[in-house]
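Colleague: Dumping the structure here so I can ask a few things about it.
Rule-based calculations on the coordinates, nothing more; no lab input. The structure displayed is predicted, hence computed values, not measured ones. Heads up, the Cβs are rebuilt from the backbone with ideal geometry, glycines too, and the neighbour counts pull from every protein chain shown.
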Amino acid sequence: MNKLLAALIATLFATAAIAQTPVTPAVASAQASAQHDINKAANKEAKVDAKADANVAKAEMKADEKKADAQHKANKTKAKAHDKVVDADPEDKMKVQAKADKAAAKADAKAGKTAVKADAKVAKEKVEANADKAIAATKTEEAKAKADAEVKAAAAK
């Protein structure tokens, strides 16, 4: 939203600066066309920014769900292992405890691995979003430059 507002303010100042030049019908037409092109590019940029932000938010939500699910599974596995230790015969308790510790460590490792993968997907989505935003901003700047050139060319005639 800030970028859109900044683009509109910049075009307002550009229009004000251009308005000081003598206005012929060709210049007025070029100015109108230029303003239309700039507004179109700014709207496209705003849409790309919104879509990129939505994709990042969606990826973060999915990652949080996956991490919570993985942690729940790990806790469930650890609880089952602990129950086996409690129910074990006193003679086998040490052996069952060692097995439970191994199962708990394995469950924690699996949950950690899932969390890392989920975070990596979010990071990848953020990089793609930033790239999309940068490309859209570049296209907007290109439209502004072309529009300024068209107005100058029309004024020079």
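Colleague: Scan the range 86-139 residue by residue and report those that are assigned to a loop (DSSP other than H, G, I, E, B) and surrounded by 14 or more Cβ atoms within 10 Å (Cβ to Cβ).
Modeller: Result: ALA88, single match.
Colleague: Give the residues of the range 57-77 that are under 14 Å from the mean Cα position of the chain (by Cα) and buried (at least 16 other Cβ atoms within 10 Å of the Cβ), sorted by residue number.
Modeller: ALA59, GLU60, ALA63
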